[in-house]
Amino acid sequence: MILCVSLCVCVRARIILAVSSFCAPTPLQHAVAQAIADKVARGQAAVDSGEDPVLDCGATDIFHANFIALTEALRESGVEPLPSAGGYFLLADCSKVCG
């Protein structure tokens with residue numbers, strides 16, 4: 001009985017860990033929002049002084065290239081990516097493959 005309860009707790013803990021890894025605690029959300037605001041303000045200051053603002057570290061291009069590569073790979077395997085207005089995840093309809 002003890003082993004069964006421990007296994008159950010372990011499984012539930014793994015589920016919580018899997019889901020919570022995509023959650024940011026509120027203080028971190030505020031810190032990220034402030035960092036973005038500061039970066040935008042520095043970019044505006046650069047524009048105002050006639051300089052070229054650098055607001056992106058290249059991550060956008062990397063994420064977009066990965067998105068395109070994954071979308072193409074899914075389509076080639078018979079899985080249709082679903083349109084999304086934004087977000088981190090790429091959803092896909094696998095009903096043709098999964099039955």
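The values are calculated or read from the model by the stated rules, or taken from the named source; none is laboratory data. Since the model is a prediction, treat every value here as computed from it, not as a measurement. With ideal geometry, Cβ positions are generated from the backbone for all residues, glycine too; neighbour counts draw on all protein chains shown.
Per-residue answers, yes or no, for (1) assigned to a loop (DSSP other than H, G, I, E, B); (2) surrounded by 10 or more Cβ atoms within 10 Å (Cβ to Cβ):
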| position | (1), (2) |
| --- | --- |
| L28 | no, yes |
| G43 | no, yes |
| E51 | yes, yes |
| I62 | no, yes |
| A65 | no, yes |
| A69 | no, yes |
| G86 | yes, no |
| L90 | yes, yes |
| V97 | no, yes |
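In the range 20-77, what residues are of a type in the set (D, E) and modelled with pLDDT of 80 or more?
Listed by number, the residues that qualify are D38, D48, D61, E72, E76.
Across the range 75-84, the qualifying residues are those that are within 21 Å of the chain's Cα centre (by Cα) and in a loop (DSSP other than H, G, I, E, B), and the one among them that is farthest from T60 (Cα to Cα) is V79.
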